Amino acid sequence: MKIMCKWCNVSMNCHIVSEEISEHHGTYGIDSVKMAKIKIHKHFKGKNYCKGSDRTITTPMDKINDNKVHYQ
Ligand SMILES: [Zn+2]
């Protein structure tokens, strides 16, 4: 799967490290939302490692579709 790296603005390879259930207080009470921890693979920006290399982000599972993940 892919993630749009916000430092290079290029779609990079990533994978899901773990999944967890998070509770949100919504309009209709407490909702449980499935969250995924996503690790961005190491990559270069020019000659140096990009700041997004090896970073882990957490995003709702339902935001992951079409092989594209965006930052919240
Ligand atoms: Zn990057």
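Just so you know, all these numbers are worked out from the coordinates, no wet-lab data involved. From a predicted model like this one, the values you see are computed outputs, not experimental measurements. With ideal geometry, Cβ positions are generated from the backbone for all residues, glycine too; neighbour counts draw on all protein chains shown.
Are there trypsin sites (Lys or Arg not before Pro) in the chain that DSSP marks as loop and that have at most 15 other Cβ atoms within 10 Å, and which are they? Spell out each step's value before the answer.
Working: sites: LYS2, LYS6, LYS34, LYS37, LYS39, LYS42, LYS45, LYS47, LYS51, ARG55, LYS63, LYS68; in loops: LYS6, LYS42, LYS47, LYS51, ARG55.
In loop regions of the chain (DSSP not H, G, I, E or B), the sparsely surrounded trypsin sites (Lys or Arg not before Pro) are LYS6, LYS42, LYS47, LYS51.
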### Query
What is the P(r) of the chain, as percent of Cα-Cα pairs per 5 Å bin from 0?
3, 17, 25, 21, 13, 10, 6, 3, 1, 0
### Query
Which residue fluctuates the most in the chain, going by a Gaussian network model with Cα springs under 10 Å, if the choices are ILE38, ILE57, ILE21?
ILE21
### Query
Which of these, HIS15, HIS25, HIS41, has the largest mean-square fluctuation under a Gaussian network model of the chain (Cα springs below 10 Å)?
HIS25
